[in-house]
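No value in this document is a laboratory result; all are computed from the given coordinates. Note that this is a predicted model, so its numbers are computed, not measured. Because the Cβ atoms are built from the backbone with ideal geometry, glycine has one as well, and the counts that use them run over all protein chains shown.
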Amino acid sequence: MPLSCRGRVRGQEPNRGDVDDSLGKFSLTLIDSLDTLVLLNKLDEFEDGVKKTVKDVRLDNDVVVSVFETNIRVLGGLLGAHVMADLLRQRGDRMQWYQDELLHMAKELGHRLLPAFNTTSGLPYPKINLRYGIQSPLSRTGTESDTCTACAGTMILEFAALSRMSGDSVFEDYARKALDVLWERRQKGSDLVGTVINIHNGEWVRRDSGVGAGIDSYYEYLMKAYILLGDNVFLERFNIHYSAIMKYISQPPLLLNVHMHNPTVSVRSWMDSLLAFFPGLQVFRGDLKPAIETHEMLYQVTKQHKFLPEAFTTEFRVHWGQHLLRPEFAESTYYLYKATGDPYYLRVGQSIVEKLNAYTRVPCGFAAVQDVRTGAHEDRMDSFFLAEMFKYLYLLFTEKSQLPIDIDDYILTTEAHLLPLSLSTTQSSCQGNVTGRNLDSALTETTDSASQEEYLFSHSCPSTETLFPNNPSFAKSIRDSYKYLTGVGRAFRPLPVREIELPLHDNGMEPMEFLKSMGISLTQLPQATEGNFEHKGVFRVKLVAEVSPTTEEIEVVPHAVQLISPPFLGRTVLTAGPAKFGMDISKQEHGVKGSIVKASPYTACVQIDNTADIKGHIALALRGDCMFATKARQLQEAGAIGVIFIDHREGSNSDDTPLFQMVGDGESTNDITIALVFLFGREGAVLTSALEEHQNVDVLLLPKENHLGREKREKPVGMNIKLRLAEEGELEAGAVRGPTLELVLEKDGVVLEEEMKESGGELSTKEEQQQQENQEQICRTETDREDLRTELFSADSSLPTNSQTEQKTNP
Ligand code: DMJ
């Protein structure tokens, strides 16, 4: 916790829901950082860290952790550190005391994770209790039915390495089985996978398909498993998925999300920051052109918003402003630099370092950014910052010869832990770039030019040198087309009239109607002529109108849960968030009324046990474990007339966190017809304690402005105020007549107070001096207290102001 300068211990800090599932009271950050220390040549610190790990870390804590996170961060961390410790020991000048303790710990942890694979399908449970596993009544887990594709498909590197290092094949066998199931379950028409799958029957729960959150490292591990283990089956699977990705998901420079069964349909208009790893993976595939394009797009987004926001729209606006110091963009920058040798990528890396130092560095580390639009910090520095971000940036700027190991002998896992390629039982086909005699003799054996090209491609390490010889500006020529993608740095030019192609999929709709259904409206320009439509299918349209996308910043209408039964009698009104699906509560003249009942199970992700109690009432359900839509369906099925979802983050509240609209699951939600609202943790607690204290609590769900007993207010009058600085001497002292506006800065946050004054409002010289001093004092206090970074953020005119804050959703 870089702001409060303490470690985050599970159970000692307010629970942050799923985020905390990577904390297992096992010194996560220490273990995740060990092999970074070796790369950074911090060998004393490494030895000390290993000693501490061996002496203090326990892996049998009674804590429920994420199987995926524990595997990539802790098991991977222990293995990477063991490989380094073993190497240093063999070199003979340090670590002579080391007796494979880290490997023993890794094996113990592997055994503690194995019970997760005890499902009918072979896909692992998402969570496990480190001490009690899953089956035990004490485990407090095992009720989950779904997991993400990446969660099930990102085990093979660590588990195979563990098997091969320990001699126990059980780990590799289970991880392979899980990959086999995912492969078998791919959508055979599109060769894509969804984001969430049922671990018992292998059915897809969420069928949206992309390369970011929920799927990312499944693809990464197919490619890297082939490289580490030399098993062609992984490469074949990867290649089939890759072709599908390039066909449906990659629309350079964008990476979209599509429906796995209907992949020509894009399911959302935003991208998440996790997909920034993908250009790096494309380098492994040798597909440099789209890698350069997507990476350039990401770079432009970082130029606009300083960091990659957790999610941003296809128009590069902030969709979800948090930035958790994620390393994926640095990772791709490193691989692109390796492949192209183009110093441009060093400059990209430099900009990453500079922004981290300028906007996130705090006395006890680096703090995550709560919202890139405000620059406010969060008291968290996730362990991947030291495990990955530091490693990739250091690798980017360090000459190979200065590293303590030959980096090309290792593969970096998804958490950037080092696993040696010597684990492979077969010979790698990529022996550096094939040149000279070897290449000549290989090529003479292949006959036609297409197979010669294929040979060259599949038997060389991807680099521009091999792929695009004699074209040193290859990467630049690709990047140049994306230079002003987000508009940053471009001089204003009116949009030219140009031709566009609209894929209309023969859907029977007229083109204008079709555009409207996509949210695009066409404004006729004066010189407009009729559209020139050729034939059904793909239409050629002369664009003779200005296209203006409909605004995404739809305001979230605050809703309320009003407690109306005695003793509350309407006096308690809790601010609630609405849902984009289910009943439109604003259309119910008197709101939706009912008594509340807690769902069992409380998360309502599976069939409801207490249907008799729920029927005809408003159910309370805890957020987490599955989508809002899933919970809503379960409760609607059980007969509820409405659902109040309660945030699982205990202290969250509507004063500190902007309201958002709950979204569906990417599928049609037309079947959900009941009333749905969301309460943050603190407001939710009011409701649950009311229920505990009184047998019957009746509530009303309605738009907040309609709540009973509200004061009827006059409609506020809208007003634009323009401020202009007068030129020196423009206003003579005493010349100002009529009302003036005085802005008063107050301590503890900037408070703007407006006061209408009659003429003669100018200050006397003494008052003036005093006020100026006060203001300077306030500015200094603010700067000292909050540090310069916030100020730097707000000084950036490219960032939207608060009043422009976008609609909040919960991707
Ligand atoms: C890391 O823990 C890993 O890279 C994982 O695969 C995805 N996300 C985080 C960092 O963002």
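Name the GluC sites (Glu not before Pro) in the stretch 251-339 that are in a loop by DSSP and that have at most 14 other C-beta atoms within 10 Å, would you?
Details: sites: E293, E296, E310, E315, E328, E331; in loops: E310, E315.
Filter output for the stretch 251-339: E315.
Once you have a ≥ b ≥ c as the square roots of the Cα gyration tensor eigenvalues for the stretch 16-144, tell me rounded if a/c is under 1.5, and otherwise prolate or oblate according to whether a/b is larger than b/c.
It is prolate, given that a/c is not under 1.5 and a/b is the larger ratio.
Compute the distance from the alpha-carbon center of the stretch 219-296 to that of the stretch 688-706, in whole Å.
For the stretch 219-296 versus the stretch 688-706, the Cα centre distance is 48 Å.
When DSSP beta bridges are limited to those with both residues in the stretch 559-703, what percentage is antiparallel, rounded to the nearest 5?
For the stretch 559-703, the DSSP antiparallel bridge percentage is about 55.
Using a 10 Å cut-off around each Cβ, can you sort H559, H707, H694 from fewest to most neighbouring Cβ atoms?
Ascending Cβ contact count within 10 Å gives the list H694, H707, H559.
Too long at a 24 Å Cα-Cα cut-off: which of K42/K303; K224/K306; K42/K306; K598/K631? Please list the in-between numbers first.
Numbers: K42/K303 32 Å; K224/K306 31 Å; K42/K306 30 Å; K598/K631 13 Å.
Those over the limit are K42/K303; K224/K306; K42/K306.
What number comes out for the charge environment of T572, summing +1 per Lys or Arg and -1 per Asp or Glu over other residues with Cβ under 14 Å away?
Once positives and negatives cancel, what remains is +1.
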